[in-house]
Structure formats: C-alpha cells, structure tokens
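Let me begin by presenting the structure, written as structure tokens, before commenting on it.
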Amino acid sequence: MSKLEGVCVPICTPFKNNGASIDTKAYRNNIDSLIENGVHIIAANGGTGEFPFLSFEWLESGFTAMPIQMFNWVSRPDQAFQANAAAAGAILLGMTLLMNAIAIWIRYRFRKKINW
C-alpha cells in the first residue's frame, strides 16, 4: 500500500445563484486551479457539510439512519426542523430502551431453561 503524501485540501461545492444546482464550470475551474498550484489530493465535499442539502430525496429514503436525519434537522435554521429533531431523539431513545428491555427479557427467559 502506498503512503499518501502531499498537500490535501477539502473543496467546497459552488452553487449557482438559485442555490438549487451545482455550478459545474466554477467547480471544474476551482479543481484545475488547485492542481496547477501544487495540490496533490482533493477531498470532494470534504468537511463542508453541504452534501445532504444537494437533494431532499434522502429524507424519504427507507435506508437513511435516524441520527443522520436528526443532525441535519438540527443544523437547519427553521424551528420546525428543531422540533422534528427533538421528537426523533425521544423516539430513538424510547426504541433503544424498548429493545434493551426485550433483550433482557429474552436473556432472562432462556437462562431459566439452562441447567448449570
């Protein structure tokens, strides 16, 4: 395995004026400029946090984890998203406690049947 060496920078994603689509020309120019100036590694969307906001389809996905949704809701300025995050946190906590209680009950039941 080779060792990563050199200058590594995260690159921000430039959006068009409407904020709904990526400005691919500016993105390409930014990458070309970084390469010309000696950058070796470019981390796309690295550390900028804008990737969840490119599309809102992930909100309806069945495979999106609740903690990720909660984090994104808290980072939005609208108070309704903050309330959603608080409710999701309560539900997540309740589900964790319920699953733990069921696991304890199952363990207790099966231990009674084992002859030590």
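Could you grab me the full set of residues in the range 73-95 that are in a loop (DSSP other than H, G, I, E, B) and either among the acidic types (Asp, Glu) or touching a residue at least 12 places away in the same chain (Cβ under 8 Å) (or both)?
Going residue by residue through the range 73-95, those that are in a loop (DSSP other than H, G, I, E, B) are 75-78.
Passing the criteria: 75, 78.
Could you grab me the full set of residues in the range 1-48 that are in a helix (DSSP H, G or I) and either at pLDDT below 75 or among the acidic types (Asp, Glu) (or both)?
Residues of the range 1-48 that are in a helix (DSSP H, G or I), as a first pass: 24-36.
Scanning the range 1-48 gives 32, 36.
The values are calculated or read from the model by the stated rules, or taken from the named source; none is laboratory data. Given the structure is predicted, the values throughout are model-derived calculations rather than measurements. Methodologically, a virtual Cβ is constructed for each residue, glycine included, from the backbone with ideal geometry; neighbour enumeration extends over all protein chains shown.
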